[in-house]
Structure formats: structure tokens, C-alpha cells
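Asker: This is the structure I have questions about; it appears just below.
Derivation of every value follows stated rules applied to the coordinates shown; laboratory data play no part. Since we're looking at a predicted model, the values are computed, not measured. Virtual Cβ from ideal backbone geometry, glycine too; neighbours counted across all protein chains shown.
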Amino acid sequence: TKAPVNVTVTGAAGQIGYALLFRVASGQLLGPDTPVRLRLLEIPQAVKAAEGTAMELDDCAFPLLAGIDITDDANKAFAGTNIGLLVGARPRGPGMERGDLLEANGGIFKPQGEAINAGAAEDVRVLVVGNPANTNALIAQAHAPDVPASRFTAMTRLDHNRAQTQLAQKLGVGVSDIKKLTIWGNHSATQYPDIFHAEVNGKNAAESVNDQQWLADQFIPTVAKRGAAIIEARGASSAASAANAAIDHVYTWVNGTADGDWTSMGIPSDGSYGVPEGIISSFPVTCSGGEYQIVQGLEINDFSRQRIDASVAELVEERDTVRKLDLV
Ligand code: NAX
């Protein structure tokens, strides 16, 4: 049998943590042949709750679960880790400005980046879920100079999955009939879900929809504001769907995209599509052999260009803010 893969989950006692850990431990993150050892990182006040979750994990008797460590020390949590799921973050409090939010999260993602740099396994792969996810990922990456920047990613897969279902429902097809959707930019209300290159049973999706008004006034805002709609309906933010997207993100990164399809990931820009190098922005990517590559050569029409630029401008602003705070 294979050696266990070390998976670190931060914010393990939170609601996404509760939806995520059981799926990781059951083998859905890395597949049915790969045992996992979980490392749970929490703040001191929440360690006890994380221990409670660990008791339940034990009680599942998952054959693939090789062990669970719980700590409030980032260095211990990331020592030897292969996969880091960075879920814990500082939420925006009442009256908190964006600068304050970024500063508070800098206090979390800087030391976690340093701990990853100091002790993670050579092949470490990091997914940041905690918001503001793209810029939190940038902060962690900036403090891990010995780890290839490409190993730091931010989650836009939930947005991608949301877009897939919205489009499938509009066209009355199954979600598996939809390919090559793209989320561009920031995981925020400025994100741009792009259907101009998407395919529905092999036909162009934008042409199949043929309804610019639906695209601009329904589809894009529904996807971009879905998080708020969930809070409104459920009285709590997306948790199971966010955990599902985290599982999808890592599974696809490690196991690859299907032929004739791609996915969306927040990754350090190499300058493709006019996105400034270094910021962590969502792109269409294919994955193979544990590596991802930006899909090149897509034609970007004026409608898309404006929206990509607006979301990227927000990311540049966030980067400039954390630069001023000396966080990157
Ligand atoms: P919860 O508040 O339920 O849980 C967060 C947990 O993180 C808490 O248990 C807290 O003690 C812990 N935590 C805080 N600081 C920590 C630190 N320094 N080290 C370790 N743990 C720490 O939030 P939950 O609903 O689980 O959401 C977690 C994060 O995901 C939030 O930032 C949220 O905004 C973000 N989301 C991101 C999404 C995405 O698509 N990228 C979608 C879902 C979600 O909104």
C-alpha cells in the first residue's frame, strides 16, 4: 500500500472544515488508493471543537485515514505536509474596511506561508479557500520563497461549479454536457464567468443561449452573488458546496482535467491575457501529471475584456494594499 499523504486543514473546526474533513478522510480528495494523515490547525479557543470533529472522524473508521494530529501551532501543522487546505480566515467584521480585513488576514497567512516554507514537503500544494482568497494566497506565497510560486492557488472552483449548473439549467441539459467554462479574476463579486468559449454538447454555449440580456443581467450576477443568496436563504454561508469545490480543485489538480475540457483555478499570473504577472487571478487551466497550464490562445471579445479587466483591477488594488502593509 502507498504511504499516507499529509493533508493539513486550517480552520478545521469551522463549518467548511466540518463538511470537508469527512470527505478527505474517506478518500475523495486524492482517490480510493491513497491513505491520508490529517493535520488540523485551529486557533487555541477552537482546538477543543476540532478535537470533537476528530472524535467523529475516528468514529467513521475510515480505512484510508492513517491518523489525525490537532494543533494551534502552524509550524507543527505544516511540517511535512503535502497538501495544505487553508480554510481558516478572518471574516469581515462590522465597519471593517478592506484594508483592515487584508491586514487581519495578513496576520494569518504570513505566518502560515512561513511555516510552509520552513517545513512542508517538497511537493507541497496549497489551496486557499479563506477569503479574500486570492490575496490571502498571494500573502502566503510571498512568504514561502523556497516553494515554487505555482504551488499556491486560490479557490474559484465553487464559482465555476455554480456557473456550470446555472448554464445547464438555462439550456435544459445535464451539467456533464457543459465543458470549457471559465471563471476569470477575483473570487469576489467582480469575478467574470465566461461562456463565450464554453461548449454544450460540442456546440458553442454563448450561441446556444443567444440571449445577451440573460447573460449580462441574470447569469453573471447570479453566479457572482450566489454566496450572498445562500446566506440569505440558509442563514449561514456556503459550506458543503465550498468543501465540495475544494475537493474538486485538488482532485483535478492532482488527477488531471478530462480531454476536451478545462477548469478554473486562481493561480499566480504569468502575464497571460494581460493579467499582471504575480497576482493570483483565476484562469482557464488544464491539469496533467500534477501540474496546471493556462489555456492559451482564446479570443477575448470586448464584453469579456471589460469584465476581466475590472476584476483584475480589483486584484491589483488588493495587491497594492498588502504591499503598503509590507505583507508581500
Ligand atoms: P467559519 O467561521 O465557520 O470557520 C473558520 C474557522 O477558521 C474557525 O473555526 C476559526 O477558529 C478558524 N481560524 C481562524 N483563524 C485561524 C488561524 N489563524 N488558523 C487556523 N484556524 C483559524 O468559516 P467557514 O464558513 O468555514 O468559512 C471559512 C472561509 O472560507 C471564510 O473565509 C469564507 O469567507 C471562505 N469561503 C470561501 C469560498 C471560496 O469560494 N473561495 C466560498 C465559501 C466561503 O465563504
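Asker: Over the chain, what is the relative contact order in whole percent, taking alpha-carbon pairs under 8 Å and six or more residues apart? List each step's numbers first, then the result.
Answerer: Values: 661 pairs, mean separation 55.8, N = 328.
Computed value for the chain: 17 percent relative contact order.
Asker: Here's a follow-up. Could you pull out every residue, at least 5 positions away or on a different chain, whose amide H is within less than 5 Å of the one on His187? Hs are placed 1.01 Å off N in the peptide plane, and Pro or chain starts have none.
Answerer: Those qualifying (amide H under 5 Å, at least 5 residues apart or on another chain) are Asn134.
Asker: Still on this structure: Only Lys, Arg, Asp and Glu count, each charged at its Cβ (+1, +1, -1, -1), so figure out the dipole size of the chain about its Cα centre, rounded to 20 debye.
Answerer: On the way: 26 positive and 38 negative charges, 78 e Å.
So the dipole magnitude of the chain works out to roughly 380 debye.
Asker: While we're on this one: What is the angle, in °, between the Cα long axis of helix 47-59 and the longest principal axis of the Cα atoms in the chain? Nearest 10 is fine, range 0 to 90.
Answerer: The angle comes out at about 90 degrees.
Asker: Next up: Non-local amide H neighbours of Asp69 (under 5 Å, H modeled in plane, Pro and chain starts lacking H): which ones?
Answerer: Leu38, Arg39, Leu40
Asker: What residues qualify as long-range amide H neighbours of Gly80, i.e. H under 5 Å apart, gap of 5 or more or another chain, H built at 1.01 Å from N?
Answerer: Close amide H contacts, sequence-distant or interchain: Ala120, Ala121.
Asker: Where does each of 284-292, 88-96 land if you order them by average Cβ count within 10 Å, highest first? It would help to have the intermediate numbers written out before the result.
Answerer: Details: 284-292: 16.4, 88-96: 13.6.
Ranking the peptides 284-292, 88-96 by packing returns 284-292, 88-96.
Asker: Tell me what the chain gives for mean residue ellipticity at 222 nm when only DSSP H runs of n ≥ 4 count, each as -39,500 (n - 2.57), the sum divided by the residue total, rounded to 500 deg cm²/dmol.
Answerer: On the way: 11 runs with 134 residues, N = 328.
Calculated at 222 nm, the ellipticity per residue is -12500 deg cm²/dmol.
Asker: Measuring from centroid to centroid over Cα atoms, what is the spacing of segment 100-137 and segment 7-58 in Å?
Answerer: 18 Å
Asker: Count the DSSP beta bridges whose two residues both fall in the chain, then state the antiparallel fraction as a percent rounded to the nearest 5. Provide the component values of the computation, followed by the final result.
Answerer: Working: 19 of 42 bridges.
Of those bridges, close to 45 percent are antiparallel.
Asker: A further question on this structure: Which order do peptides 102-110, 66-74 fall in by mean Cβ count within 10 Å, highest first?
Answerer: 102-110, 66-74
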